[in-house]
Amino acid sequence: MEFQRGDKIEVFRKSSDEAWEPYMDDFLGCHGYITDPDTTVNDPDALIEISLEGKGTHRLPQDCLRLLADQEDTR
Amino acid sequence: MEICPVRQTILFLSEQIGPKGLSDPKGQRISEQILSLAEEIAEGAAGDRHLAAIDALVEEYDYKGSPLKTREAGKIVKGYLDEHREVFLSHIETRNCPSHDCGKLAPSPCQMACPAGIDVPTYLALIAQGKDAEAIEVIRRDNPLPWVCGLICTRPCEMMCVRARIDTPVSIKFLKAFAAERAMSDRAYKNPSPRPANGKKVCVVGAGPGGLSCAYYLALMGYKVRIIEDLPIPGGMLMVGIPRYRLPREVIDREVAMIEALGVEISYNTRFGTDVTKDDLEKDGYEAFFLAIGAHKAWDLGIQGEKDFPKVIEAVTFLKDVALGEHHAPGRRVVVIGGGNVAIDAARTSLRLGAEAVTIAYRRSRNQMPADVEEVEQAEEEGIEFSFLTIPKSIEGQGDEITALSCVKAELKKKKGSDRLAPVPIEGQDFTIPADAVISAIGQYVDDDGMDAFDGVNWTRRGTIEVNHASMETAQPGVFAAGDAVSGPATVIEAIGGGKRAAEAIDRYLKGIPQPRMPKIPVRYNTEPVIEMSASRKMTLKYPEMPMLNMDRRRTTFQQVELGYDEASVRAEASRCLRCDICRRCGECVDICRDKMGINALKLGYLEFDHNSPTDFRVTAENCITCGACAANCENKALVMDEKDGKRRLLLCGTVLNSQDIQYCDGCGAKMGSAEYTRFISRKTRNISPTTDSRLLCNNCQRRNGAASGAPDAPPPMA
């Protein structure tokens, strides 16, 4: 999975990455946009910046994110 | 999703004072008093003593002889307060309810999206009114570098801007730059008054955006702050990573000067761990440390020839040298390897220094480039060439001179077990790009040199400093960190937000107050008056086009490329804001108009985040009867009915959705609804209230006429 700026995503599961903090459990099920993907090397392991509706902007591991269905249709 | 505890408390207390609630008058009285205070918390009208007052009232439930139900109610309310105290406090301090349950405090999406939590709707409203200095004052409560961010922010706020669901987002970033420049020019860009000095000292390592932000807020709290900076100039990556054609040096200098004016001392050309040590600083009375050392070290390319030629240059080193005054072209034919913003910056800088041909070689395709689309387009306009699906193999040359970058063409394929497309070399499709300089821009990492003294700090497997993101606190007591050193190469606004959070956490640490569980909700400072305009104007205002420096100068000088909007464009663009700090997009108005009134005049397709449909404020006037049902049910008063110049009007956050002539009773002259409203009522009541008079009559006159003629006494119902 690779994300680009403006992609609409869902936080669909917890990440097992060490960067996942307990307060991020509140983000499960939230939708939002990728606001700053890994700006250098498209590293699937990089933390990327997302803005979630009602939850603010955070940097999360990519394995907890998925593109929303309507977004996948356009890719 | 769980309901907000403040709202939950209000609902519970409302039950206690209702018919099935508490039976004892004292229990009822206590519940009423707590309810009143809780409602003020939910409306953003609470003061510092509200929670203490509620605590005291809760104790009164347990009075001598109080019924069991009353004592139980007291326990439940106390439970809400104890379990969710931070949420109650957050409502009081920030005047925001992140779950939107307390309608008046629903945060605007742009403010929530900003990593620094800037109150965007408030400052846009001020800019629309021409109050630039006041706008800057609002911004600097959360971000001490509004001018810098107005030019180079990655603007997550615009990504979440609700106006984008209608046409294009409000140009929040550039409006901020305009306001900062105007305020600075008018000598109206002022620092707030700091609190009296508290005698405590904090050391900040790094004068980048994170360090400057932390230092600014600590200085305002009364701390003595010293920043240790390795470079001879302030700004960190702002100064040595971002080229001057995007961010002029004077902008950084002026905003840093404002921070220094608060008493912040910056020690330049001073390397932490070498020129000054943690022990030295502790002996000098520094009680807390904030690490904002950035990510300045470049990854190696890992290809043959990389270490053999002096003209293989790391992009961060190249950009730094140029920023520090080294203005020589790296070569005649330059190849930049990478696809991010740093690669674009290095390429455009090479061009400005006189390179004849500049090519960016990137392993993937154009639409996978991580660089900002605008930056890529501007580079293309200036004549930068792109070689996509290009994997560098080796650097060719003779002696010290590079002659070419040897590459192989790639195709994107899914690797086994992964749904990610990866570049795979195509056998036999080797080629070369002529070059005499190669710049590598494939990423940076944190340089931990000099950090040995912080032996209690944990480092992540990504080579960054591990922190609790709510407080930016490391595992070593008294040591905090933020910016690229924590996130890896990231955005300026994240670093600024992290610096601000760290300043608050350092203050708590030095006062012995526990740290928060999660990052603080942004603070809403004010609700500015709305700007009135017609629906047509609101719909037809367009995102202004940015005037650009002419192409010859863009290719030859470091003058700022984006010249900024003119004043008229700025005021108009600011008034395009939908004021999501007032309308929380609950959709109650649409439901009532469509389902209860059967009119369906409100075509507000932008209300939902996930399911948008077309919006046109102008369409409302086609069917709206100005009955006022929508406005009467709007909790936040985003929709209001008013009367002006003989017309009844419906306004949504200042946008006039409809305006209809007010009618007067032909019998007594009393004020009545619009003709559309009267027709609607007549249609609804024609079976029970037969027309007895062809004149337009109010309820009272109809009743009088009905009584006189013997017709049924049935005035039209009010909406």
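Every read-out reported here was derived from the displayed coordinates using simple, explicitly stated rules and does not represent laboratory data. No experiment lies behind these values; they were computed from the predicted model shown. Virtual Cβ from ideal backbone geometry, glycine too; neighbours counted across all protein chains shown.
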Using θ = phi - 60° and Karplus 6.51 cos²θ - 1.76 cosθ + 1.60, couplings along region B:42-47 (whole Hz; Gly, Pro as x): 6, 9, x, 10, 7, x
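With a/c under 1.5 counting as rounded, go ahead and sort region B:403-511 into rounded, prolate or oblate using the C-alpha gyration tensor (a ≥ b ≥ c being the square roots of the eigenvalues; past the cut-off, prolate if a/b is larger than b/c, else oblate).
prolate
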Rounded to whole Hz, the Karplus (6.51, -1.76, 1.60) HN-Hα couplings of region B:214-226, x for glycine and proline: 4, 4, 4, 6, 5, 4, 5, 7, x, 7, 8, 10, 10
222 nm mean residue ellipticity, helices alone, for chain B (DSSP H n ≥ 4; -39,500 (n - 2.57); rounded to 500): -10500 deg cm²/dmol
Antiparallel bridge percentage (DSSP; both residues within the protein assembly as shown; nearest 5): 60
Cα gyration tensor category, rounded, prolate or oblate, for region B:1-155 with a/c compared to 1.5: prolate
5 angstrom amide H check on B:Val276, placed H, neighbours 5+ away: B:Arg271
Neighbour-limited loop hits for trypsin sites (Lys or Arg not before Pro), region B:220-273 (at most 15 other Cβ within 10 Å; DSSP other than H, G, I, E, B): B:Arg271
Virtual spin-label span in nm between B:Lys671 and B:Glu622, 7 Å along Cα→Cβ: 3.0
Between region B:218-253 and region B:1-46, the Cα center-to-center distance that results, in Å: 50
For region B:262-295 and region B:546-575, distance of Cα centres in Å: 39
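Only Cα pairs under 8 Å and at least 6 apart count here; give the relative contact order of region B:610-710 as a rounded whole percent. Could the numbers behind the result be given before it?
On the way: 117 pairs, mean separation 19.9, N = 101.
Computed value for region B:610-710: 20 percent relative contact order.
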Tensor-based shape of region B:507-615 (alpha-carbon gyration tensor, a/c under 1.5 rounded, otherwise prolate or oblate): oblate
Taking B:Trp459, B:Trp147 and counting other C-beta atoms within 10 Å, the order from fewest to most: B:Trp459, B:Trp147
Using θ = phi - 60° and Karplus 6.51 cos²θ - 1.76 cosθ + 1.60, couplings along region B:328-337 (whole Hz; Gly, Pro as x): 10, 4, x, x, 7, 10, 10, 10, 10, 9
For B:Ala422, residues with placed amide H under 5 Å, excluding near neighbours: B:Lys413, B:Lys414, B:Lys415
Relative contact order [Cα under 8 Å, 6+ residues apart], chain B, whole percent: 13
Sequence of B:Thr556, B:Thr94, B:Thr390 once ranked by neighbouring C-beta atoms within 10 Å, starting from the fewest: B:Thr556, B:Thr94, B:Thr390
Residues with amide H under 5 Å from that of B:Ile227, placed H, sequence gap 5 or more: B:Val204, B:Glu265, B:Ile266, B:Ser267
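Which of the GluC sites (Glu not before Pro) found in region B:355-384 are in a DSSP loop and have at most 15 neighbouring Cβ atoms, other than their own, within 10 Å?
Passing both the DSSP loop test and the Cβ count: B:Glu356.
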Average beta-carbon neighbours from other chains, 10 Å sphere, peptide B:494-502: 1
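DSSP loop trypsin sites (Lys or Arg not before Pro) in region B:1-93 with at most 14 other Cβ atoms within 10 Å of their Cβ, which ones?
Here the sparse-neighbourhood loop sites are B:Lys20, B:Arg49, B:Lys64.
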Euclidean distance of C-alpha centroids, region B:133-170 and region B:480-507, integer Å: 18
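Would you order B:Ser659, B:Ser193, B:Ser108 from fewest to most other beta-carbon atoms within 10 Å of each residue's own beta-carbon?
B:Ser193, B:Ser659, B:Ser108
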